Amino acid sequence: MRGYGFSKYIPKQLPNGGFEELLKLFLELLNYTAGDANEALAWMNELDKQHNITKDDYGMGDFIEDLKSKGYLGDDDKGGGFNITAKTEQTIRKSALEEIFGKLKKSGKGNHSTPKSGPGEEKNADRREYQFGDSSDQIDMTASIQNAQINNGIGDFMMTERDLEVEERDFKTLTSTVLMIDISHSMILYGEDRITPAKKVAMALAELIKTKYPKDTLDIVVFGNDAWPITVKDLPYLQVGPYHTNTYAGLELATDILRRRKTHNKQIFMITDGKPTCLKEGLKYYKNSVGLDKKVINKTLTMAAQCKKLNIPITTFMIARDPYLQQFVRKFTEVNGGRAFYSSLKGLGEYIFEDYIKNRRKTVR
């Protein structure tokens, strides 16, 4: 008879770490301090006081010296403290990729599949009978032998063309993506840090494309009162500002970038937590945070329609659940013909990853 055995639960102690364990914590804190190494180290000192995260034979001083000797920290000539290095920036991106998407092995060519099947480059789950002209390396020999045994018996084994089973393969294409990140003040309001998860997703997506789909392109646009491009290198240092939300400017810049990309597949991913509240008119800003301003909304919808004409779908990741905001996003998505997700911060990375991979089978012409 099977049963259950019960014992006293003894929680695991906090890890008392050497260099590798402390490095993971240091990298995580850098996401919250916008890449400020001195502030991250100050937090670690405080955590050490409260939770004893270092060992008696390996203190914070040893950890800092190892960070310097291993190339993670450099001296700040201006302030007398430390700066993170390019090695640290890359390690943060890899850490974000592992956290959000899991450990992904580097693939070969890393392009994106189209809906077309045939003598392509990447296997899919479809099977069919052999047709004249199919390549011999498409033949699934295990399935074909099984078919021959079923069709002709095993006493006097023989295989005919009718027994051959072929693996379908997908053709591949390139994909150009612009990731738009809202850096308006609301991204840190109401006691919720929304900018750090957005940064992590951007860094993970950049590392995914760089390692798994190196022929694809990823551009990053941030938008507040204005919009401007940033590089992957800038992501750890990204912060919100005292901005309103000029979604129109972000879409306009993203569209201009994609126009210059010589690819058929183009898409925009937009991470935001609020409604459009700002437009730039000449040298002045038109702002209204009360409700849904008709002037701002209509111009934003016009930009969404323009993206549709250019065959640029927009996938919106709305990290807010106010009903009137969802109503706007539904209208925005309808005008563009794109997609929308109402995501929690916790699931944001998974949503974007799944949508990015799903778009591998879409070809916009």
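The values are calculated or read from the model by the stated rules, or taken from the named source; none is laboratory data. Predicted model, so just to flag it, every value in this text is computed and none were measured. Neighbour counts run over all protein chains shown; Cβ positions are idealised from the backbone, glycine included. The area values use the complete protein model at the heavy-atom level, side chains included, leaving out ligands, DNA and RNA. Shrake-Rupley method; radii C 1.70, N 1.55, O 1.52, S 1.80 Å.
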Practice problem: Please work out which one of (1) at pLDDT 90 or above; (2) open to solvent by less than 50 Å² (accessible area, probe 1.4 Å) is the condition residue 234 fails and give its number. | Solution: (2)
Quiz item: Any chance segment 31-50 includes a residue that's surrounded by 11 or more Cβ atoms within 10 Å (Cβ to Cβ), in a helix (DSSP H, G or I) and at pLDDT below 90?
Solution: no
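Among the residues of segment 252-266, is there at least one that is among the acidic types (Asp, Glu) and farther than 29 Å from residue 96 by Cα?
Taking every residue of segment 252-266 in turn, none turns out to be among the acidic types (Asp, Glu) and farther than 29 Å from residue 96 by Cα.
Would you mind listing the strands (runs of 3 or more DSSP E) fully within segment 217-317 where at least 2 residues are more than 21 Å from the chain's Cα centre (by Cα)?
In segment 217-317, 278-281, 284-287 are the strands (runs of 3 or more DSSP E) which contain 2 or more residues that are more than 21 Å from the chain's Cα centre (by Cα).
Identify, please: which residue in segment 59-95 is polar (S, T, N, Q) and surrounded by 16 or more Cβ atoms within 10 Å (Cβ to Cβ) and is, among those, nearest to residue 205 (Cα to Cα)?
Residue satisfying both the conditions and the ranking: 95.
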Practice problem: Check 266, 199 and return the single one that is of a type outside the set (A, V, I, L, M), touching a helix residue (DSSP H, G or I) at 6+ places or on another chain (Cβ under 8 Å), crowded, with 23+ Cβ neighbours inside 10 Å and closer than 19 Å to residue 93 by Cβ. | Solution: 199
Quiz item: Do you know which residues across segment 296-321 are charged (D, E, K, R) and either touching a strand residue (DSSP E or B) at 6+ places or on another chain (Cβ under 8 Å) or surrounded by 13 or more Cβ atoms within 10 Å (Cβ to Cβ) (or both)?
Solution: 299, 308, 321
Quiz item: Hey, among 164, 179, which residue is hydrophobic (A, V, I, L, M, F, W, C), modelled with pLDDT of 85 or more and farther than 30 Å from residue 253 by Cα?
Solution: 164
Quiz prompt | Boolean, residue 321 is modelled with pLDDT of 90 or more, in a loop (DSSP other than H, G, I, E, B) and basic (Lys, Arg) | solution = no
Quiz item: Do we find that residue 182 is under 25 Å from residue 320 (Cα atoms) and open to solvent by 20 Å² or more (accessible area, probe 1.4 Å) in this structure?
Solution: no
